[in-house]
1. Read through the list (1) open to solvent by 10 Å² or more (accessible area, probe 1.4 Å); (2) modelled with pLDDT of 95 or more; (3) of a type outside the set (S, T, N, Q), then give the number of the only condition that L24 fails.
2. Counting only residues that are in a loop (DSSP other than H, G, I, E, B) and crowded, with 22+ Cβ neighbours inside 10 Å, which one in segment 299-326 is farthest from the chain's Cα centre (by Cα)?
3. Can you name every residue in segment 373-390 that is hydrophobic (A, V, I, L, M, F, W, C) and in a strand (DSSP E or B)?
4. Given (1) in a helix (DSSP H, G or I); (2) more than 26 Å from the chain's Cα centre (by Cα), where does A349 come up short, assuming only one miss?
5. Hey, I188 hits all of (1) in contact with a Cys (Cβ under 9 Å, 6 or more places away or on another chain); (2) assigned to a strand (DSSP E or B); (3) aliphatic (A, V, I, L, M) but one; which does it fall short on?
6. Applying the selection to segment 358-376, what residues are open to solvent by 70 Å² or more (accessible area, probe 1.4 Å) and either farther than 15 Å from Q348 by Cβ or not basic (K, R) (or both)?
7. When you look at A379, is it out of contact with any Cys (no Cβ under 9 Å at 6 or more places or on another chain), open to solvent by less than 20 Å² (accessible area, probe 1.4 Å) and among the small types (G, A, S), yes or no?
8. Can you give me the number of residues within segment 115-142 that are open to solvent by 20 Å² or more (accessible area, probe 1.4 Å) and within 30 Å of A224 (Cα to Cα)?
Amino acid sequence: MTNPHQVENCRTAENSDSLLHAPLYVAGEWLTAGLAQGEVLDPASEKLLGHHAIADKATILRTVAVADEGFQLWRKTAATERARILIDAAALIRSRCETMARTLTRENGKPLAEARAEVLRSADNIEWYGQEAGRICGRVLPGADAATELVVRKEPIGPVAAFTPWNFPLSQSSRKLGAALAAGCSVILKGAEDTPFCGVELVQAFIDAGVPASVLQLLYGNPAMISEILIAQPQIRKVSFTGSVPVGRLLASAAGNHLKYSTMELGGHAPVLVFADAPLNKVIASLAPAKYRNSGQVCVSPTRILVESTIFAEFTAAFKTAAESIRIGDGLNKATTMGPLIHQRHLQAITALVEDALEKGATLVSGGKRIERDGYFYAPTILSNVPLSARIMNEEPFGPIAIINSFNQEEEALAEANRLPYGLAAYLYTTSYSRTRRVTDAIESGMISVNGQPIALPDAPFGGIKDSGFGREGGIEGLEEYLVTKFIATQVW
């Protein structure tokens with residue numbers, strides 16, 4: 001077996017000029033020979049960064065057979081051993097933090113500080129699930145008499161097809177892998193083709209920690225073809241997807257057609273309710289960095305900022321100052337606080353949304369244009385007084401665009417917060433506890449953060465309602481997604 005950390009072309013730490021290569025990992029082998037290759041561009045320079053292997057049909061089908069074998073092995077592995085391997089994998093990831101962070105920054109564009117935080121968060125996710133592996137418990141029910149034994153048992157669901165996005169390729173993968181492996185499932189991980197190299201390093205950490213070759217596999221290629229083939233195979237018992245609502249609909253439909261369990265963590269359009277009693281300096285210090293983190297390419301990004309009318313002008317001016325203080329550039333530059341968008345297509349999509357909003361009568365407070373330099377850079381943007389007819393008020397912007405509108409009454413803000421079919425995340429800023437209770441009860445969202453941004457935590461459930469998906473990742477709820485319940489009734493003779 002070839003270890004990519006021993007192959008010069010897969011290294012990222014010392015020589016940033018060499019091309020990177022992301023092979024597939026199938027049945028204990030890193031595969032590139034005979035496979036087509038896809039290009040990966042550096043979003044900060046638009047130059048070729050490297051290539052990823054493209055799985056063909058035969059390779060995809062092979063992963064299914066191997067994963068089925070791996071499941072039979074892994075489900076019988078002692079929970080204490082599974083726990084040890086996951087905790088060791090987390091320790092390896094922490095020890096390789098700088099290398100993995102630099103890889104992530106080069107292919108995703110996010111600032112190095114954000115990349116480091118994602119690497120460490122991924123290790124935390126995996127370690128937490130490692131600790132939970134030994135706590136998967138059923139229960140014994142009281143029988144009708146002493147000769148009756150009633151047992152509820154939790155068992156791993158089976159081989160998993162896991163599909164991960166490019167915006168947080170490590171932390172999203174770590175949630176899926178940590179929970180599935182802790183539960184006793186084998187996993188076929190379909191990584192993001194825009195950010196394939198950090199996926200190779202993540203899988204290598206699991207291999208080095210002792211995950212058996214048949215238990216974890218890595219694919220890249222044509223997403224539609226891979227998903228269609230994997231979901232249709234009877235050996236695959238669970239589908240986990242993080243991504244856009246349109247793609248989520250397709251995969252959920254396919255999984256449902258084959259009666260497969262699925263978890264769908266889809267998009268959002270998070271409302272933010274800012275009331276006049278909230279300290280303005282604290283609100284801005286919390287909200288502005290969250291809005292422009294990862295260039296706004298975050299599913300829980302605060303997007304529709306609704307500000308009480310009495311502080312609207314002051315809030316908008318302060319938010320503008322914060323946005324214009326952001327330092328834009330290559331994420332490897334220590335001074336950079338916001339990097340580029342992921343690719344040209346996304347840059348064009350963001351530009352079209354802003355142009356539409358301005359045509360519909362929105363006010364441009366700041367930004368609103370591409371930055372003229374190499375790379376897919378778009379200025380931190382603020383739009384105010386945006387009409388509901390604008391596309392950006394109805395479609396997830398997924399970029400560095402803050403929408404700031406005003407409201408007069410609490411009921412008015414709640415109506416706008418719940419207007420859209422999304423329900424992933426929502427935010428509230430107020431010092432009133434009674435208002436906090438009313439608003440958090442009324443908002444239709446899977447997650448609500450009050451006076452801060454602590455949402456994605458290892459021990460907390462992460463997920464949405466309505467068009468934002470179903471199922472949860474993180475916490476014991478995320479572990480339950482990979483378990484099935486078996487009831488055993490025994491009459492003792």
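1. Condition not satisfied by L24: (1).
2. Within segment 299-326, the subset in a loop (DSSP other than H, G, I, E, B) is 299-301, 325-326.
Those still in the list that are crowded, with 22+ Cβ neighbours inside 10 Å too: 299-301.
Values: C299: 8, V300: 10, S301: 12 Å.
Ranking the candidates gives S301 first.
3. From segment 373-390, those hydrophobic (A, V, I, L, M, F, W, C) are 377, 379, 382-383, 386, 388, 390; that's our starting set.
I382, L383, listed by residue number.
4. All conditions pass for A349, except number (2).
5. It is condition (1) that I188 fails.
6. Going residue by residue through segment 358-376, those that are open to solvent by 70 Å² or more (accessible area, probe 1.4 Å) are 359-360, 364, 369-370, 372-374.
Result: E359, K360, L364, E372, R373, D374.
7. Working: out of contact with any Cys (no Cβ under 9 Å at 6 or more places or on another chain): yes; open to solvent by less than 20 Å² (accessible area, probe 1.4 Å): yes; among the small types (G, A, S): yes.
So A379 fits the description; yes.
8. Going residue by residue through segment 115-142, those that are open to solvent by 20 Å² or more (accessible area, probe 1.4 Å) are 116-117, 120-121, 124, 127-128, 131-132, 134-142.
Filter once more, so that each one left must be within 30 Å of A224 (Cα to Cα): 121.
Qualifying residue count, segment 115-142: 1.
The values are calculated or read from the model by the stated rules, or taken from the named source; none is laboratory data. Since we're looking at a predicted model, the values are computed, not measured. Using ideal geometry, Cβ is built from the backbone for each residue, glycine included, and neighbour counts are taken over all protein chains shown. Ligands, DNA and RNA are excluded from the accessible area calculation, which covers all protein heavy atoms including side chains. Shrake-Rupley method; radii C 1.70, N 1.55, O 1.52, S 1.80 Å.
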